[in-house]
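Since the structure comes first, as structure tokens, the remarks are kept for the end.
Only the coordinates and a few stated rules stand behind these numbers; no lab work does. Keep in mind it's a predicted model, so treat the numbers as computed, not measured. Neighbour counts are summed over all protein chains in view; Cβ atoms, including those assigned to glycine, are modelled from backbone coordinates with ideal geometry.
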Amino acid sequence: MTLLASRLPSLLLFALALGGLSEAQVRPLAGQGRAKRPVAGGAEIPQLLRKAIQQAPKLRYSGERVVEFKRGGERKRHREFVLKDGPRMRIEFPDDSEFAGQIIVESQAVREHYFPGRNEIRVMAPRHDEAFARLRRLVSRLGKDGVRFVHGNPDSVAGIRTASIGIADGHGNPLMRLWIDPRNGMVLKRELYDHVGGLVGLLEYVRLDYEPLVRPDEFVIRREGARRVTAYDDARKLMRENAMLEVFLPEDEGLRLDNAHVIKAGDRPVLVQVYQGPEGPVSFYQLQGPLSAERLRAQAGPEFQTHIWRMRGKTFAIVAEMEASRLERIAAKLRDR
């Protein structure tokens, strides 16, 4: 699922920074061949795309969709039943799915995920629409000359006539393509591409109803005897088991812990905390021993800022798509505790 897939970049990033893997083991050599020149000029965000961004938190519908993503070198695909009423959403899975019985509900304030096998409710930060949030950050950071918008041919998705918009970088390399219902701005299909144009993510509706019957209790999970678990609970357990300091990013910066896990860099455990914030995901690392700032910056890429410091015998690092000054401010709050 999306949460599991999101852990992969952080693992590879740290393995590289600590010298555990070579760059060639992790990604193809994108620099081979003749580099493209940037496409001249720029473009404003198309009106239809603006409509899609504005309408996303207001839409009301039910339907079935296909979700596909790559986890390492393996491609995964599953189906989801979705009910949405403005900012509220409920996701269920077919009986023959590996996720059968699981239920996800999300509101403006919280996301809850019920796992029947262990009778557990995971309480997380809401996701809303991360793809749109990332697109807004991308356009804001690169400016209109660094992003290209390409209108594609009309197509039918879930029996609905759509308009297609492709998003590319300033060189013309594809980043994302959206198929949008022009009547209400709903994105019926979305494809995400890697840095060499390969498909790494797909979301496509195959059935849709814009006038669903909605009951208020469908967006609440009530299960007597179920254990409610937060990412902070997971993180504290991992900290105890791996002799880590109990340190979290400050909530007054608008950051909420989404998940925590431990990866191995050689024989060293690395605690990874992933937060959701106003500027998108923030990765926070803790480990014993040195960490190469140069390698971490190189592997994070130009769109991410990094900040590394030592505190009470541990090394900490933050990687995020935000201003360096804000990362330094967050780190200073932790050091001052």
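Summary table below
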| quantity | calculated |
| --- | --- |
| Viscosity 1.002 mPa s, 20 °C: Kirkwood-radius Stokes-Einstein D of the range 47-216 over Cα pairs, µm²/s | 124 |
| Length added when fully stretched, His171-Val220, from 0.36 nm per residue minus Cα-Cα | 13.1 nm |
| Cα-derived Rg over Rh, computed across the range 216-337 with Rh taken as Kirkwood radius | 1.02 |
| Net charge contributed by nearby residues that have their C-beta within less than 15 Å of Phe219 (K/R +1, D/E -1) | +3 |
| Label-point separation, Glu44 to His128 (7 Å along Cα→Cβ), nm | 2.4 |
| Tail fraction, Cα-Cα pairs, the range 209-257, threshold 12 Å, whole percent | 76 |
| FRET efficiency, 1/(1 + (r/R0)^6) with R0 35 Å, evaluated for His151 and Asp209 via beta carbons | 0.80 |
| Estimated distance in nm for a label pair at Arg312 and Val200, the labels positioned 7 Å out from Cα along Cα-to-Cβ | 3.5 |
| Exposure proxy order (Cβ contacts within 10 Å, fewest to most) of Val147, Val319, Val220, Val262 | Val220, Val262, Val147, Val319 |
